[in-house]
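*Asks:* This is the structure I have questions about; it appears just below.
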Amino acid sequence: MKQQNATYLDKIDSPEALKQLSVEELRGYCDELRHYIIEACSVNPGHLASSLGTVELAAALHYVYNTPKDKLVWDVGHQTYPHKIITGRREAFLSQRKLGGISGFPRMAESPYDAFGGGHASVSISAAFGMAKAAELQGSDEKIVAVIGDGSMTGGLAFEGLNNAGANRSTDLLVILNDNQMAIDQATGALKSYLLKITSSVHYNRFKQTLWGWLSHTPRLLRMCQKMGNALKQVLLGRSNLFESLNFRYFGPIDGHNLPELVRTLRALRDIPGPKLLHVLTVKGKGYTPAEQNQTVWHAPGCFNPDTGERIASPKEAARYQDVFGETLVDLARADRRVVGITAAMPSGCGMSRLMEEMPERTFDVGIAEGHAVTFAAGLAASGMVPFCAIYSTFMQRAYDNVIHDVAIQGLPVVFCLDRGGIVGEDGVTHHGLFDMAAFGAIPGLTIAAPANERELRNLMYTALHAGKPWMIRYPRGTGEGVAWRNEPFEPITEGRGRCLREGSDVAILSVGTTAHAAAEAVALAAKEGLSVAHYDLRFVKPLDTRLVEEVGRRFRRIITIEDGSLRGGVGEAVAAQLADCGLHPEIIRLGIADQWVEHGTPAELHAQCGYDTEALLRALGLR
């Protein structure tokens, strides 16, 4: 990777080294750091735009604070590339998100500078408040800073943290709101409008920032002026600042790319006790024109030419499952006025943007608020609508109680579409969707289906629409198998019924979801070596096709199950339990995710590492 004219970058390998620079030199370092991130991400893709927007903020924080004694809690983690590079991981950054390399998110086990892990949104304030309270109880003078951005403030957990921390005025905590008006897609909701109102008075903010410059070395006087200003706004405007109402001292907004102002402000706030919030305005994709102009695409653009901004698309022979979901949802909504779509800040990621474009009045982006998304869907369903609630599997974990209490107990016809089920690849341990089948399989009255290909996803969505009860469909990240599905007539699928894909006499494989393809490959290879293997696609995690399972248990002395999820509580366990209940005791080999955390790598690498790819099946068949 080329790095042009690196005056500072090669010399800075720690926050201590960074502190040796003048503020003017810090500007040069940030320019080189931004260029390095662009060059590195052009060949090793990652979350680019968010991190480009936090270059100055990360540098200023490490410049002012005594890290790692002072703790920085980043939320969400994909804005932390500058932080990682500043804290001694410049060379390791070239391996980020690769098998055996560093994570794309903060990891406590990776570096003492990563004070708290952060793959999911809205956790920083609660975690940082816990750390600040611990410091207070232990008599420590360490400073705690939470950096929350990329739409994470829309999550309810963030406000729970603010509410609790604001009630503890003795606890020293700084929350930095990195406000770029974006999540992965454009930020939505009343909070976005509120923040825009705060930032809209150009002359007022310019005067206030000038005043801050004069008073930055006298925190008490700065705080006094701030209190007077807030009181005046309360009298003249009839409303108070939201964060001040939660007992946070509010400062800002300030330009998050103005290094002298950032450094000056952070130094002043460091010496002000109690809970406080600094509102920082940044630009997602800052300093790279293509990323600034199309922030959603450049959130995670894949490989690209850093000089021209041309994205290098990998060849795709089949549609992505999110595309199948999006187009099918539009077809269903055209035919049935009850259909509505709900997403939690992922309209483009899950494919909901198609319905949003055609029927915006029937599409709802609720922000990073998965629990609310589920209960909102329950309310719609209780009043006659059929909501399709599309949430990534890993994020649906946050709404488990809502699924039980608000949907399943009441038998409401909500269709949960869990994108990114199973191994997701480079995003790693916080993003794999490994637990949905095991966790949600315990909920009475909830049907759980796993399509083997694109056409099955389309037909399962059609079936779920007309089921009149809670349904969940889980499917993986990435492309399908190239099966024809567009404009195909809908065909209902019988609930709880699997199918035989290939007859055999020696061994049986029971697959669920897209593991059917590894199974089909293994069956074909086994046939060439003289082993007759039967292959059954279960289709449904719940209800399990007990008739099919019993038939297989009576016919075969050896059965292999394969699933893209947790073995503990998974489909293989359900098959074994069903056979035991029937008094059948064939040898059962279960392939899937063992009781372990799975790190990052390509899906193919991780399937092999976890032991449920084609080669693993051949070993289980005794052919390797």
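The values are calculated or read from the model by the stated rules, or taken from the named source; none is laboratory data. This one's a predicted model, so the numbers in the text were calculated from it and none came from an experiment. In this analysis, Cβ positions are derived from the backbone assuming ideal geometry, glycine residues included, and neighbour counts consider all displayed protein chains.
*Asks:* Looking only at the stretch 371-378, decide whether some residue is at pLDDT 95 or above and under 28 Å from Glu488 (Cβ atoms).
*Replies:* yes
*Asks:* Okay, next question. When the stretch 574-603 is examined, which residues are found to be within 12 Å of Leu510 (Cβ to Cβ) and touching a residue at least 24 places away in the same chain (Cβ under 8 Å)?
*Replies:* Once the filter is applied, which keeps residues that are within 12 Å of Leu510 (Cβ to Cβ) and touching a residue at least 24 places away in the same chain (Cβ under 8 Å), the stretch 574-603 yields Ala574, Val575, Gln578, Leu579, Pro586, Ile588, Ile589, Arg590, Leu591, Gly592.
Conditions tested, residue by residue: (1) closer than 22 Å to Ala616 by Cβ; (2) free of Cβ contacts under 8 Å to residues at least 60 places away in the same chain; (3) surrounded by fewer than 20 Cβ atoms within 10 Å (Cβ to Cβ).
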{"site": "Leu501", "(1), (2), (3)": "yes, yes, yes"}
{"site": "Thr514", "(1), (2), (3)": "yes, no, no"}
{"site": "Leu525", "(1), (2), (3)": "yes, no, yes"}
{"site": "Leu531", "(1), (2), (3)": "yes, no, yes"}
{"site": "Asp537", "(1), (2), (3)": "yes, no, no"}
{"site": "Asp545", "(1), (2), (3)": "no, yes, no"}
{"site": "Arg557", "(1), (2), (3)": "yes, yes, yes"}
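*Asks:* Which residue out of Ser50, Ser22, Ser14, Ser42 is within 23 Å of Gly119 (Cβ to Cβ) and of a type in the set (Ser, Thr, Tyr)?
*Replies:* Ser50
*Asks:* So is Arg27 under 30 Å from Gln609 (Cα atoms) and either outside the structural domain of Trp597 (by TED's automatic domain parsing) or in contact with a Gly (Cβ under 6 Å, 6 or more places away or on another chain) (or both) or not?
*Replies:* no
*Asks:* Same structure again: Would you confirm, using the coordinates I've provided, whether Gly130 is outside any loop (DSSP other than H, G, I, E, B) and small (Gly, Ala, Ser)?
*Replies:* yes
*Asks:* Which of the helices (runs of 4 or more DSSP H) found entirely inside the stretch 1-106 contain at least 1 residues meeting this: under 22 Å from the mean Cα position of the chain (by Cα)?
*Replies:* 23-43, 48-52, 55-64, 81-86
*Asks:* Here is a follow-up. Considering the stretch 347-362 alone, what residues qualify as being touching a residue at least 24 places away in the same chain (Cβ under 8 Å), in a helix (DSSP H, G or I), surrounded by fewer than 24 Cβ atoms within 10 Å (Cβ to Cβ) and over 21 Å from the mean Cα position of the chain (by Cα)?
*Replies:* The answer is Glu358, Arg362.
*Asks:* Give the stretch 324-337 a look and list any residue that's over 29 Å from the mean Cα position of the chain (by Cα) and charged (D, E, K, R), or say none.
*Replies:* Listed by number, the residues that qualify are Arg334, Asp336, Arg337.
*Asks:* Do the conditions hold for Gly256, that is, is it small (Gly, Ala, Ser), farther than 30 Å from Lys133 by Cα and either buried (at least 20 other Cβ atoms within 10 Å of the Cβ) or in contact with a helix residue (DSSP H, G or I) (Cβ under 8 Å, 6 or more places away or on another chain) (or both)?
*Replies:* The answer is no for Gly256.
*Asks:* Output the residues belonging to the stretch 404-422 that are within 23 Å of Ala121 (Cα to Cα), of a type outside the set (Gly, Ala, Ser) and touching a residue at least 60 places away in the same chain (Cβ under 8 Å).
*Replies:* If the condition is that a residue be within 23 Å of Ala121 (Cα to Cα), of a type outside the set (Gly, Ala, Ser) and touching a residue at least 60 places away in the same chain (Cβ under 8 Å), then Cys417, Asp419 are the ones that fit.
*Asks:* Looking only at the stretch 509-533, count how many residues are in a strand (DSSP E or B) and over 16 Å from Gly422 (Cβ atoms).
*Replies:* 3
*Asks:* So Asp141 fits all but one of (1) more than 19 Å from Leu269 (Cα to Cα); (2) part of a loop (DSSP other than H, G, I, E, B); what number is the exception?
*Replies:* Of (1) more than 19 Å from Leu269 (Cα to Cα); (2) part of a loop (DSSP other than H, G, I, E, B), only one is false for Asp141: (1).
*Asks:* Also, I was wondering about something else. Would you check which residues across the stretch 3-35 are of a type in the set (D, E, K, R) and either out of contact with any Phe, Trp or Tyr (no Cβ under 8 Å at 6 or more places or on another chain) or touching a residue at least 24 places away in the same chain (Cβ under 8 Å) (or both) and list them?
*Replies:* Residues satisfying the conditions are Asp10, Lys11, Asp13, Glu16, Lys19, Glu24, Arg27, Asp31, Glu32, Arg34.
*Asks:* Next question, about the same structure. Can you find even one residue in the stretch 49-58 that is of a type outside the set (S, T, N, Q), under 23 Å from Ala127 (Cβ atoms), without any contact (Cβ under 8 Å) to a residue 40 or more places away in the chain and not assigned by TED's automatic domain parsing to the domain that holds Ala369?
*Replies:* Checking the stretch 49-58: at least one residue is of a type outside the set (S, T, N, Q), under 23 Å from Ala127 (Cβ atoms), without any contact (Cβ under 8 Å) to a residue 40 or more places away in the chain and not assigned by TED's automatic domain parsing to the domain that holds Ala369.
*Asks:* Something else about it: Within the stretch 296-322, track down each residue that is surrounded by 12 or more Cβ atoms within 10 Å (Cβ to Cβ) and out of contact with any strand residue (DSSP E or B) (no Cβ under 9 Å at 6 or more places or on another chain).
*Replies:* Scanning the stretch 296-322 gives Ala300, Pro306, Gly309.
*Asks:* How about the stretch 463-484: which of its residues are touching a helix residue (DSSP H, G or I) at 6+ places or on another chain (Cβ under 7 Å) and modelled with pLDDT of 95 or more?
*Replies:* Leu465, Pro470, Trp471, Met472, Ile473, Arg474, Tyr475, Pro476, listed by residue number.
*Asks:* Only one of (1) aliphatic (A, V, I, L, M); (2) out of contact with any Asp or Glu (no Cβ under 7 Å at 6 or more places or on another chain); (3) within 21 Å of Ala604 (Cβ to Cβ); (4) in a helix (DSSP H, G or I) is not met by Leu460, so which one is it?
*Replies:* (3)
*Asks:* Return the residues of the stretch 575-588 that are surrounded by fewer than 23 Cβ atoms within 10 Å (Cβ to Cβ) and either among the aliphatic types (A, V, I, L, M) or in the same structural domain as Ile443 (by TED's automatic domain parsing) (or both); say none if nothing qualifies.
*Replies:* Across the stretch 575-588, the qualifying residues are Ala576, Ala577, Leu579, Ala580, Leu584, Ile588.
*Asks:* Does the stretch 134-145 contain at least one residue that is β-branched (Val, Ile, Thr), buried (at least 20 other Cβ atoms within 10 Å of the Cβ) and either at pLDDT 95 or above or within 24 Å of Lys286 (Cα to Cα) (or both)?
*Replies:* yes
*Asks:* Among the candidates Gly88, Gly100, Gly104, single out the residue that is under 27 Å from Asp179 (Cβ atoms) and not β-branched (Val, Ile, Thr).
*Replies:* After applying the criteria, what remains is Gly104.
*Asks:* Output the number of residues of the stretch 430-455 satisfying the condition of being over 21 Å from His120 (Cα atoms) and either buried (at least 24 other Cβ atoms within 10 Å of the Cβ) or polar (S, T, N, Q) (or both).
*Replies:* Qualifying residue count for the region: 7.
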